[in-house]
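Take a look at the structure set out below.
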Amino acid sequence: MAQRRLMMGTALAAPLLARAAVAQAPAPAAPAMAPGFYRFKLGQFTVTTIYDGFRIMPVQGLVRNAPLEEVQAVLAESFLGPTDYRNIYAVTIVDTGRDLVVFDTGNGPQAPGATLGRLLATMPAAGLDPARVSTVVISHFHGDHINGLITAEGGAAFPNAEVVVPTREWAWWTEAGNETRSPAGQRPNFANTARRFAPYAGKIRQLSDGAEAVPGIRMHAAEGHSPGHTIWHIADGAAELVYLADITHRPELIARRPDYETLFDFDGAAGAATRRRVLDRMAADRVRVTGFHFPFPATGFILREAQGFRFVPADWG
Amino acid sequence: MTIARRIALAAPAVIIAAQVMPALAQAPAAAPAGQAPGFYRFKVGGWTITTVHDGFFRRPLEGFVRNAPIAEVQGILAENFMATDTLAVPFTITFAQKDATLVVFDAGNGVTPAAATNGKMIGNMAAAGIDPARVSHVIQSHFHGDHINGLLNAANAAAFPNAEIIVPAAEWAWWTEASNESRSPEGQRPQFANVPRRFAPYQGKIRQVAAGVEVLPGITSIAAYGHTPGHTLYRIADGNEQMIFVADITNRPEFMMRRPEWQIVFDFDGDMAAASRRRVLDMLATDRIRVTGYHFPFPANGYVARHVSGGVQGFMFVPAEWSSAV
């Protein structure tokens, strides 16, 4: 056995060879981090995910229908801390050859030094010019998805793009009479929607369930998280991808406990039912997915497990 | 049936005529095919850790695991959404920098032909701003070719010209004693010629270290023999923070953590490797220590959790979260 073989090797207690000190300045630290983009092929399409950054928020209060200790235990299984919840944002961009499509726009303009709102700054590193984006697809109108429609100056961040929105989402947040029928935490969306879409007047196309935004990219209603929340099926021939938007918040928590309802949900019960149905389908079909709040690079697969589902990151390549 | 149809909701179909907008006559920019550079950074106390991708090598799955039926291996791979005909073995090198100390753990595949899928470390180091001339120490886990070939540059000179080379004494002893060749598994015998060649430019700068000693301030060797006679892990610590470079304690963790008893074609002593693996993984899961691994999915850092699958008590690799904030 190896132990014996090892013993037979020359037992070295030789004095350590002294080495000449290499007098050197510390290695330079820059660049601090690789640019936050990741690219993969989907048939002839090219998919790029872009890290828009993160925001730390309390774990306490995040899940509305489970005890804090239980939530913390689920987080701990994924080596996530018990106090600070890191809300992460990743934007999916698909180049079909015909169209350059951005799915949701991230957090948009921020104060200097912010840890989020990085989409526009990161796109050039990935060779993507916002001015060449032909289509912006919005899954739903929560601020972290639409705030990036505008620049710091208030103009269109994607000046040459058509903006495609779910009809039911548009209908809800553009009808002032709905405000009192919305959860208190969601009411700022009414003013924010008007403000963020303003530079795109005349360039907004509403889409109904099952319709195509552009060839190869089709909308599917997945409502609950917001009144008109949608997911998007992207296909080139046999190659398929589903952009899951906010079907889960962080999958380490919400895919594994699909019945959890978060403070971001418009209708938590409907959101949970939709989530179970969609994740079940993703697991059955073993289809590749991207998600807005998935750990970067935010692409992988959904696997069934005991109490729900697990997100399995795709191999980096 | 298409997924599109299957995921279609039974939501009330509110048919509102879509506002037709004038087509924007603009061809999208062709996205460049390039991937983001393969490096990733995080902190362990005062250490700045950088993992650098060295590419991958694809080989047939057949024959890779020596003591399990291939169908069983394929089953575990499929659960992880991996290919079941071939196995892509990735390589990721761990760097640790603190003050004037810049350590590289293992040297990568080195210079490879232009079309090779491995040997990407040199380019990715440059992208990460790491100059090989500034590396102060190369610390070797073991002497398999994918770990030592990168000691040489294209001119067969020292790729890390100013570095001291730190090697496990047990590993050095085995591969530098010619009479061990006939006592080594056949597939491992080429190491005897490869070792002197790769270490040649570092004459006088090679330091052998025992297991369980501090090889540099904050860096301690941990014996994990079996995969090779002197296979060694390294703990990197500063203050209350620590991580462990676990080298080849597993090949790809997606299957070797699930089934720690499996033995692979590269193991010198498979039984001993499996015993070391179970002992180390058990310790990592208990202590919840962050790790980097040489054949882990990039960026090759995360944690080890206990996990039962198929009735077998094994482990699971949990990648650490990617963050733009180092």
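The values are calculated or read from the model by the stated rules, or taken from the named source; none is laboratory data. The structure presented is a predicted model; accordingly, all values stated were derived computationally and were not measured. As a convention, Cβ positions derive from the backbone with ideal geometry for all residues, glycine included, and neighbour counts pool all protein chains shown.
Among the residues making up segment A:60-79, a single one is among the polar types (S, T, N, Q) and within 17 Å of A:Phe309 (Cα to Cα): A:Ser78.
Of all the strands (runs of 3 or more DSSP E) wholly in segment A:161-221, which have at least 2 residues that are touching a Lys or Arg at 6+ places or on another chain (Cβ under 8 Å) and farther than 25 Å from A:Arg277 by Cβ? Give the derivation first.
Values: elements: A:162-166, A:204-207, A:212-214, A:217-221.
Result: A:162-166.
One residue stands out among those in segment A:66-80 that are in contact with a helix residue (DSSP H, G or I) (Cβ under 7 Å, 6 or more places away or on another chain) and in a loop (DSSP other than H, G, I, E, B): the one that is nearest to A:Gly148 (Cα to Cα), which is A:Leu80. Any chance segment A:155-166 includes a residue that's in contact with an Asp or Glu (Cβ under 9 Å, 6 or more places away or on another chain) and either under 28 Å from A:His220 (Cβ atoms) or surrounded by fewer than 18 Cβ atoms within 10 Å (Cβ to Cβ) (or both)? Scanning segment A:155-166 turns up at least one residue that is in contact with an Asp or Glu (Cβ under 9 Å, 6 or more places away or on another chain) and either under 28 Å from A:His220 (Cβ atoms) or surrounded by fewer than 18 Cβ atoms within 10 Å (Cβ to Cβ) (or both). Only one of the numbered conditions (1) within 12 Å of the chain's Cα centre (by Cα); (2) touching a residue at least 24 places away in the same chain (Cβ under 8 Å) is not met by B:Gly302, and that is (2). It is to be established whether one or more residues within segment A:234-243 are buried (at least 22 other Cβ atoms within 10 Å of the Cβ), closer than 15 Å to A:Thr92 by Cβ and out of contact with any Leu (no Cβ under 7 Å at 6 or more places or on another chain). Yes, segment A:234-243 contains at least one residue that is buried (at least 22 other Cβ atoms within 10 Å of the Cβ), closer than 15 Å to A:Thr92 by Cβ and out of contact with any Leu (no Cβ under 7 Å at 6 or more places or on another chain). Of all residues in segment B:51-73, those that are away from chain A (no Cβ under 14 Å) and surrounded by 19 or more Cβ atoms within 10 Å (Cβ to Cβ) total 3.
Summed over segment A:41-65, residues that are assigned to a loop (DSSP other than H, G, I, E, B) and either under 30 Å from A:Arg98 (Cβ atoms) or under 17 Å from the mean Cα position of the chain (by Cα) (or both) total 2. Just so you know, in segment A:26-79 the residues that are of a type in the set (A, V, I, L, M) and closer than 30 Å to A:Ala235 by Cα include one that is surrounded by the fewest Cβ atoms within 10 Å (Cβ to Cβ), and it is A:Leu42.
State whether the residues of segment B:104-112 include one that is more than 23 Å from B:Ala223 (Cα to Cα), surrounded by 16 or more Cβ atoms within 10 Å (Cβ to Cβ) and out of contact with any helix residue (DSSP H, G or I) (no Cβ under 8 Å at 6 or more places or on another chain). Yes: segment B:104-112 contains one or more residues that are more than 23 Å from B:Ala223 (Cα to Cα), surrounded by 16 or more Cβ atoms within 10 Å (Cβ to Cβ) and out of contact with any helix residue (DSSP H, G or I) (no Cβ under 8 Å at 6 or more places or on another chain).
Within this structure, B:Val304 passes the test of being in a strand (DSSP E or B), out of contact with any Lys or Arg (no Cβ under 7 Å at 6 or more places or on another chain) and among the β-branched types (Val, Ile, Thr).
Among residues of segment B:41-53 that are farther than 27 Å from B:Gly110 by Cβ, those with a Cβ under 6 angstrom from a residue that is crowded, with 19+ Cβ neighbours inside 10 Å, sequence gap 6+ or separate chain, pair up as B:Gly46/B:Lys98.
Residue by residue, here is whether (1) aromatic (Phe, Trp, Tyr); (2) within 23 Å of the chain's Cα centre (by Cα); (3) at pLDDT 50 or above; (4) more than 30 Å from B:Ala211 (Cα to Cα) holds:
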| site | (1), (2), (3), (4) |
| --- | --- |
| A:Arg4 | no, no, no, no |
| A:Ala18 | no, no, no, no |
| A:Pro31 | no, no, yes, yes |
| A:Arg39 | no, yes, yes, yes |
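When A:Ala131, A:Ala121, A:Ala114, A:Ala125 are screened for being assigned to a loop (DSSP other than H, G, I, E, B), within 13 Å of chain B (Cβ to nearest Cβ) and not basic (Lys, Arg), only A:Ala114 passes. All conditions in (1) more than 24 Å from B:Phe268 (Cα to Cα); (2) more than 8 Å from chain A (Cβ to nearest Cβ); (3) of a type in the set (D, E, K, R); (4) touching a Pro at 6+ places or on another chain (Cβ under 9 Å) hold for B:Arg134, with the sole exception of (2).
Scanning segment A:210-225 for residues that are under 29 Å from A:Ala269 (Cβ atoms) and free of Cβ contacts under 8 Å to residues at least 24 places away in the same chain turns up A:Gly210, A:Ala211, A:Arg218, A:His220.
Pairs meeting the criteria (first residue in segment B:315-326 and more than 7 Å from chain A (Cβ to nearest Cβ) and within 14 Å of A:Ser78 (Cβ to Cβ), second residue assigned to a strand (DSSP E or B) and of a type in the set (A, V, I, L, M, F, W, C), beta carbons under 7 Å, at least 6 apart or on different chains) are B:Met316/B:Ala305; B:Phe317/B:Val304.
Given the criterion away from every other protein chain (no Cβ under 11 Å) and in contact with an Asp or Glu (Cβ under 6 Å, 6 or more places away or on another chain), identify the matching residue among A:Ala272, A:Ala239, A:Ala221.
Values: A:Ala239 fails: in contact with an Asp or Glu (Cβ under 6 Å, 6 or more places away or on another chain); A:Ala221 fails: away from every other protein chain (no Cβ under 11 Å).
Being away from every other protein chain (no Cβ under 11 Å) and in contact with an Asp or Glu (Cβ under 6 Å, 6 or more places away or on another chain) holds for just one of A:Ala272, A:Ala239, A:Ala221, which is A:Ala272.
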